[in-house]
Structure formats: structure tokens, C-alpha cells
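The values are calculated or read from the model by the stated rules, or taken from the named source; none is laboratory data. Remember, predicted model here, so these are calculated numbers, not experimental data. Cβ coordinates were reconstructed from backbone atoms using ideal geometry, including for glycine residues, and neighbour counts include every protein chain displayed. Just so you know, the surface numbers come from the protein's heavy atoms only, side chains and all, with ligands and any DNA or RNA stripped out. Shrake-Rupley method; radii C 1.70, N 1.55, O 1.52, S 1.80 Å.
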Amino acid sequence: MSIINDFQITEHFTDLLILGGGMSACGAAFEASYWAKKNNMKVTVVDKAAMDRSGAVAMGLSAINLYLGLKNNENTLEDYVRYVKSDMMGIIRDDLVANIARHVDSSVHLFEKWGLPIWKDENNRYVREGRWQIMINGESYKTIVAEAAKNALKEMGENGQYFERVFITHPLVENNCITGAIGFSVREKRIYIFRAKAVISAMGGAVHVFRPRSVGEGLGRSWYPPFNSGASAYFTIKAGAEMTGQEIRFVPVRFKDAYGPVGAWYLLFKAKSTNALGEDYMEKNKPELDKWFPYGARNPLPTNLRNHLMMIDERQGKGPFYMNTSEAIRNIAASEADEISAKRKLKHLENEAWEDFLDMTISQALLWASTNIHPEETNSEIAATEPYFISSHSGGSGAWVSGPEDMAPDIYKWGYNNMTTVNGLFACGDAAGASSHKFSSGSFTEGRITGKAAISFIADHPNLIPFSKENIELLIKEMLNPLEMFQQYNTYSTDKFVNPHFIRPKMFMFRLQKIMDEYAGGTSNSFITTQPLLIKGLEFLRFMHEDSQKLAADDLHELMRCWENIHRLYQADAHVRSLMFREETRWPGYYFRADFPDLNENEWKCFVNSKYNPETGEWSVFKKELIELVKL
Amino acid sequence: MPSFVIAEKCDGCKAQDKTACQYICPNDLMLLDKSNNKAYNRSPEMCWECYNCVKICPTQAIEIRGYADFMPLGGIVQPLRSSDSILWSVKFRSGAVKRFKFPNRTIPEGSAVPDAGFSTNSQDLKSNVLRTEPESLGINEIQVIKH
């Protein structure tokens, strides 16, 4: 008897379907609720976890990295666009970045009203960590934002609903128009068919596509959360939407192993990092920057170039590398007038340093405790992490979306903010590409922009009927296939994991990570790749696509793991093809094309976009013109 | 073992339909063992050490033992989360102890009003004005960079 018969099916009709529960999904829910209520529409949010602690801000944050301070004339939109452009080596959509920047202060002011403690100075202004960053006591940041989003849905009465612990597996698309999504509950045997007139993909970035540096218990200690498993990229790719920047991965340098944040150390404490010989590698390797002009001449230096200067020393055997925490603390204390105030200052700094970790990367505090590190005495190692896909930080991968009517060049807009090239399908946060550096506040803000636009789309298309001709039964069969595989074959062998008929999702993930690590420039290959390596990697990915049909799960949790890894596979595919297409090295420090080792502004100052054909399974990768609103 | 459950302290959240840790874990790792009514982390190597299970546990039965593949034993970082602050105790391998207390919210839980008292200055779906704007921006109009 087929396993499908064990499942209940719930069909849910809504106007707007928001997929995800993190910062951008909460922003979309907050905003869409307001406009939907005025237009008598329904909004439904579907989260694979619990909204209070879902998404990348689940653990909390110690800073908000994007706040312009427009009301105090602290910065201009143009300043911000220039900063992001420089950090991304020129490849951003100015219109999208400016659109987020012009609204983001409003989101931060709302967070404060909703109960988020934001540090204030003696003039009642936010305390700056750096030019764009402000300091918060952010242990409950996500809980507070989720509360406001849920309250916004509640204001709609029964027209506002949210589902938790429902995992989405397939988009429903008809003639390049989204009509909904299907998924399953990870708590009970229930399948959900969501029918919607517009859908927002806000399911975060992708982690564990590349092999992490720690592969034992520490596998889970990725810098970005392991539950960001590529659902957004998969959803838009599978729907046939055009994608952008799929080559632009992000590799942060963080405290080694536990990946604690370094921002406060660099920006607030003015710490320097050095190689094992105590040399300031940023200073020493400066001449290298000429090669990366104009970006190498920018201040602040692009993130990937800072990585690059460290990696030069690393290849010369000059590691380990350290954050010079002790000197930074000494310098700050020394600037105090007398011994008593220096002591007080030291105590204060110590609190700030620990809170930085305890608010957002508690493991780093645990690592300091387990290795007896006191930052005022002992310096800590820093290292580059494994690559991640995250367009909310210094990465750029995501869907290609429509820009704002009043700012976007004509070829960048097709009617609705943040709509993908599939009608009615929207993307925001890590799901939307080329609008890097949005961080938590900007992701929430992009969610708001998208939420309003999606309601506008629905209002303009009153006759949309969210049905598709797709064979839902077939999709459900595919969704549950891993359970079927396990049930059918698990008794064949005496070992539930070693069985020639199927593959369990954990080994499937390890195989993917090994391919990506060794062929697509992961950590063990010092982030170096070439066309021949990528071609070989693609061959192995093809086998993975075939074997994905033999994934096996013995419960709903493992069924989710199977699908997460299918999602990662599509992200990997898009990445390898885009890496191969861009015949230059633009982001040394994130990856190196050894066969094209130089920056080539004449030919490659453009977007690399890609599209998957859901009918044929074929990919096309192509250049897209880059039009600037602001010059560096 | 990233998060682990102290057997003696866990009561399986017997008063509720599901355990608090199972409810909150963003990676769906916490599970109730029905044979002994105790919770456990089913996949420690997928644990982010986000501490959400530790923070939410009503009997303080959950702690974190750092990832064994890179953390020496002996460090303990344990939170106690209250309605407006969080208290951390950090115990070093050496035995040294530090305590920190940080605020985590300024208004009572549940009382966040979406509009937060700001009014929205346009009801036009096509305008660039978002909910609560421009009042919540603190400036009079939405800025533009022209192409």
C-alpha cells in the first residue's frame, strides 16, 4: 500500500502566501497585513520552524548593521550605494540597494518601539559601532520582531494566518505565473496544498553546500545557520525564475572554529589582526591591491580583498592569524585620564566583548571559556570560514527581481518591486540577489517593500484563479518518495544505512559537500578552482541529480533533510555554472579562478544571470548589463 | 553533544502537548523519547548551539557541551532568561567564573503594537510609502536617487 494513503491533505486558499519566517518574511507579513486588510485580502505565512526563533537571527544579534540615520543627516542614499558597490567589487543593483536604504531607518525605529533595546549615547542618539552599524542588546531581537509580525497578522482576524513546522517542497506554476506551493508537516502526516495569487519566497540563504571546516560534532557550527538550506534558491530556480549572482558566494573571516563575530573588534575596539610573526598583513600586502583597482583603492577595503591579503600570507605559511584583542583593549584603557577610569573602562569593554558573543554566537564564548581565553590577555585566532550563499551580507546570490518604479532603469523593472521574472512570484532577503548588505534590518525592510508590492499585484489582477493544471498527485508522490524508498527497501539489508537501493540524506549531503569543496573552490582547495575542475564537478552533480530519486527517509524529520539536500543541490548547480561562465577573478578572497586570475572590468563588469528550464531541466547562463545610478 | 538534556531534571514538559525544546528548535532537533518521557537532541552534529532550547526549558534541564571536535572539555556557558533580561554565567576550564547580565527587551512580552503609534501618510498601493511612513522615518518624504 502506498505511503500517500497515510497522509491527510489540507488545501488552503489565500491571496498572498509568504514562505519563510525569518527577518524578511516577518517584514513581508507586517507590511502585507496592513495593505491586505484595506483591500480585504488574505495573507498566509508558512515557516518550517517556530517564528519566534526561526531564520538567521534565531540566536540573536549584537548589532544592527544597516541604519543610515537619515533624520540626523548622518548619511545619504548615495553614500550607502557607493559603500555597497565598492564592497561587492562593483556588482550590485544600485536601485535595489537604494530602495532598501531609503526605508531601513523606519524599520529600526519600529524595532525600538516594539521593545528592542538599542544603545543610546548621552545625546539620546544610537551608539554607532561603525558608520552604518548601531549597537543593540539583541538576545531577543527575533522574538520581538516575530511578535510584531504575528500581531500584525492578528489584526487581520481570520484573514491573517501562519503555519509553523511546514516544509515547502514545490512551487506551483502555470504559464510562468505562480499559483501556490506544496509542502508537508514535519510534525504529523499531513500534506499542505497552498493556493495563492502571489507568493513571496523568503526562505533564507544556503549553508552546508560546501564542506565545513569542522566535520564531527562541529558540523553544525557554520557561521550562517545550518537550517538555511537553499530553499529560496531552489524555489525560484524550480519555478523557472531568472537568477543572478549565483557565483557570488560569501566567505567571512571570523574567530576560528566557533565563528564568533569580529565586527565589534575591528570597528568598536579598533583591533588589528596579524600573522604569526605579529605583522599587520593588511599593511604589508598593500601593494597587491593595485591589481584590483578601483576597488583595491577604496576605504573601507572590500571584504573579499581583506580576506585575500590574509590568504596571501597563509599560502606563505605565515599562519596562524590573530585578532590582537589584548592590544586593542590596552590602547583604549590607556586613553583614559587616570587609573580608576581606566579600570572602569576595562570592565565596561570586557562586558561589551562578551555580550558581542553571548548575543549572537554563544559557541564563541564557550570556546573562550574552554580554552581559558581572556581577551584582555590572550589574542584569538581568526580564519576564513567555508563558503555560504547569502545576499544579505557580502554575497550576491539570489533571484533577479524588479526594481522600484521611481529609481530603477527601464530594463530593471517590470511592474512590481521585488517580483521575479515569474508573474506573482516575489523574493526578498537572502532570496533576492544583487542587493547585498541588507543584513537583518534591510532584510526586514526588503520584506516590507515586497509585501506591499505583492498586495498591489493581487489588487491589479482580481481575476487570477490560483489553480494549475499541474498534476499535484505526481508532485506529492515525488515529495513522499524518500519515505516510500525506505519502506520498500529497508529490510533488504541488515543495516539501515548501507543499502544498495537507497541513499540517506546525510551521506547525500556529504557527497555534495565533497564535490563542492574539491571541484568548486572550497576550503581544502584554498578556494581555488578552474574550468576543468568545474566541468568535472558538474559531472558528479549530474549523478547526484539521478541519485536524488533514491533518497530515503524513515520519518518526517528525515524527509525534511532529504528535501533540504535536494535544495542545496540546485544551489550548487547554479553556483558551479555561474563560476564557470564568469571568466575572470573578481572576488579574490571568496574564490580564485586560477585559469583567469585577473579582474577584467572591460568584459565582466556585468551581472551573470541564469535560468533553469523546469520542462527540460536545461540551464542557460548569460550576461546582463550593469547600469549604475551612482559612480564610485 | 552540543545541547544535551540532564535526565534527572527533564520532565518531558508533561503538562504540555509538546516539549518546549521541541517547539522552539529552529533545526527540528529536539525530540521526546516516549519510552522514558525525556527529551534528547537527535542529531548533535546539526546543532548550531543557538541555545534556544536551553533558554526555553522550564526546568533548566538543558545545557551545552561544546563541540567535541574542537572544544576542550570543562567550559560551561549557561543563561537564565527572564522577562526583560538575560543572566549569563561563564565557567572556564580553569575554574574561573564570570557573570554577565544584559537587558533583552524594553516593553512587556506580547505588547508590541505593529504601527507603534506612527501613521501611514498614503493609502495608495502604488506609492513608495510603506506602512508607518514617512513618520517612522523621522523625515518628511521618501528619498530618491534619480537615474
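Pick from B:GLY74, B:GLY95, B:GLY117: which residue has the top mean-square fluctuation in a GNM of chain B where Cα pairs under 10 Å get a spring?
Ranking B:GLY74, B:GLY95, B:GLY117 by mean-square fluctuation puts B:GLY117 first.
Considering only protein heavy atoms and a probe of 1.4 Å, how much of the accessible area of the protein assembly as shown is carbon and sulfur, as a whole percent? Walk me through the numbers before you get to the answer.
Details: 13670 of 27690 Å².
Accessible surface attributable to carbon and sulfur in the protein assembly as shown totals 49 percent.
Whole-Hz Karplus ³J(HN,Hα) for region A:245-254, in order, using 6.51 cos²θ - 1.76 cosθ + 1.60 and θ = phi - 60°, x for Gly and Pro?
Result, rounded to whole Hz: x, 5, 8, 8, 6, 10, 10, x, 8, 9.
Taking a ≥ b ≥ c as the square roots of the Cα gyration tensor eigenvalues, with a/c under 1.5 meaning rounded and otherwise prolate when a/b beats b/c, else oblate, which class fits region A:20-162?
On the way: a/c = 1.85, a/b = 1.48, b/c = 1.25.
Prolate.
Indicate the residues belonging to region B:10-35 that lose 40 Å² or more of solvent-accessible heavy-atom surface (probe 1.4 Å) upon moving from the chain alone to the assembly of all protein chains, ignoring ligands and nucleic acids.
B:TYR23, B:ILE24, B:PRO26, B:ASN27, B:ASP28
In Å², rounded to the nearest 100, what is the total accessible surface buried by chains A and B against each other with a 1.4 Å probe?
On the way: alone 24570 and 10990 Å², together 27690 Å².
It comes to approximately 7900 Å² buried between A and B.
Rounded, prolate or oblate, given the Cα gyration tensor of region A:71-142, with a/c below 1.5 counting as rounded? Numbers along the way, then the final one.
Values: a/c = 2.07, a/b = 1.82, b/c = 1.14.
Because a/c hits 1.5 or more and a/b exceeds b/c, region A:71-142 counts as prolate.
Where in region B:7-71 are there trypsin sites (Lys or Arg not before Pro) that are in a DSSP coil and have at most 10 other Cβ atoms within 10 angstrom of their Cβ?
Details: sites: B:LYS9, B:LYS14, B:LYS18, B:LYS34, B:LYS38, B:ARG42, B:LYS55, B:ARG65; in loops: B:LYS9, B:LYS14, B:LYS18, B:LYS34, B:ARG42, B:ARG65.
Filter output for region B:7-71: B:LYS14, B:LYS34.
For peptide A:349-359, what's the mean number of Cβ atoms from other chains within 10 Å of each residue's Cβ?
Details: counts 0, 2, 4, 0, 0, 7, 5, 0, 3, 8, 4.
Mean inter-chain Cβ contacts per residue within 10 Å come to 3.
Let's test the formula: R0 of 60 Å, r as the Cβ-Cβ distance of A:ASN490 and A:ASN73. What FRET efficiency results, to the nearest 0.05? Please report the intermediate quantities before stating the final value.
Numbers: r = 66 Å, r/R0 = 1.10.
After rounding to 0.05, the efficiency reads 0.35.
Using a ≥ b ≥ c from the Cα gyration tensor of the protein assembly as shown (square roots of the eigenvalues), is it rounded, prolate or oblate, where a/c under 1.5 gives rounded and otherwise the larger of a/b and b/c decides, a/b for prolate?
Details: a/c = 1.19, a/b = 1.12, b/c = 1.07.
The shape class here is rounded.
Let me check I've understood the local charge: for A:VAL401, count other residues with C-beta under 12 angstrom from its C-beta, Lys and Arg +1, Asp and Glu -1. What total comes out? The partial results should precede the final answer.
Values: positive: A:ARG93, A:LYS413; negative: A:ASP95, A:GLU242, A:GLU446.
The answer is -1.
Any cysteines in chain B with zero other Cys Cβ atoms under 4.7 Å from their Cβ? List them, or say none.
B:CYS10, B:CYS13, B:CYS25, B:CYS47, B:CYS50, B:CYS57
For every helix of n ≥ 4 consecutive DSSP H residues, a contribution of -39,500 (n - 2.57) applies; sum these over chain A, divide by its total residues, and give [θ] at 222 nm rounded to the nearest 500 deg cm²/dmol.
On the way: 16 runs with 229 residues, N = 632.
Per the formula, -11500 deg cm²/dmol.
Are there any chymotrypsin sites (Phe, Trp or Tyr not before Pro) in region A:452-512 that are in a DSSP loop and have at most 14 other Cβ atoms within 10 Å? List them by number. Intermediate values should be presented prior to the final figure.
Details: sites: A:PHE457, A:PHE467, A:PHE486, A:TYR489, A:TYR492, A:PHE497, A:PHE502, A:PHE508, A:PHE510; in loops: A:PHE467, A:TYR492, A:PHE497, A:PHE502.
Those that pass, being in a loop and sparsely packed, are A:PHE467, A:TYR492, A:PHE497.
Residue-wise, which Karplus ³J(HN,Hα) couplings in Hz belong to region A:434-443, taking 6.51 cos²θ - 1.76 cosθ + 1.60, θ = phi - 60°, and x for glycine or proline?
Listing the rounded values in order: 6, 10, 5, 6, 8, 6, 5, 5, x, 5 Hz.
Counting partner chain Cβ atoms within 10 Å of every residue's Cβ in B:70-82, what's the average? Write down the numbers at each step before the final one.
Working: counts 13, 11, 5, 1, 4, 9, 3, 12, 1, 3, 0, 3, 0.
Rounded to a whole number, the mean comes out at 5.
As an exercise, use a Förster radius of 60 Å and the Cβ-Cβ distance of A:LYS286 and A:GLU174 to find the FRET efficiency, rounded to the nearest 0.05.
Numbers: r = 56 Å, r/R0 = 0.93.
The value I calculate is 0.60.
State which stretch of chain A is the longest one without any exposed trypsin sites (Lys or Arg not before Pro), exposure meaning a DSSP loop state and at most 10 other Cβ atoms within 10 Å. Intermediate results must be reported in sequence, preceding the final value.
Working: sites that count: A:LYS469, A:LYS631.
By the stated rule (loop sites, at most 10 other Cβ atoms within 10 Å), A:1-468.
Probe of 1.4 angstrom, ligands and nucleic acids ignored: what's the accessible area per residue over region A:515-632, in square angstrom? Before the final figure, lay out the partial values.
Working: 4480 Å² over 118 residues.
Value for region A:515-632: 38 Å² per residue.
Pairs to check: A:LYS270/B:LYS101; A:LYS611/B:LYS146; B:LYS9/B:LYS101; A:LYS142/A:LYS506; A:LYS270/A:LYS347. Give those whose C-alpha atoms are more than 20 Å from each other in this structure.
Values: A:LYS270/B:LYS101 25 Å; A:LYS611/B:LYS146 30 Å; B:LYS9/B:LYS101 24 Å; A:LYS142/A:LYS506 29 Å; A:LYS270/A:LYS347 17 Å.
Listed pairs above 20 Å: A:LYS270/B:LYS101; A:LYS611/B:LYS146; B:LYS9/B:LYS101; A:LYS142/A:LYS506.
Residues of region A:190-257: accessible area per residue at 1.4 Å, in Å²? Before the final figure, lay out each step's value.
Working: 960 Å² over 68 residues.
Heavy-atom accessible area per residue stands at 14 Å².
Check each of the GluC sites (Glu not before Pro) in region A:274-325 and keep only those in coil by DSSP with at most 15 other C-beta atoms within 10 angstrom; list them in order.
Details: sites: A:GLU279, A:GLU283, A:GLU288, A:GLU314; in loops: A:GLU279.
The qualifying sites are A:GLU279.
Calculate the mean, over all residues of peptide A:18-30, of how many other protein chain Cβ atoms lie within 10 angstrom of the residue's Cβ. Can you show the working numbers first?
Numbers: counts 0, 0, 0, 1, 1, 0, 0, 0, 0, 1, 0, 1, 5.
Average neighbour count from other chains, rounded to a whole number: 1.
Among DSSP beta bridges whose residues both lie in the protein assembly as shown, state the antiparallel percentage, nearest 5.
Details: 62 of 88 bridges.
Of those bridges, close to 70 percent are antiparallel.
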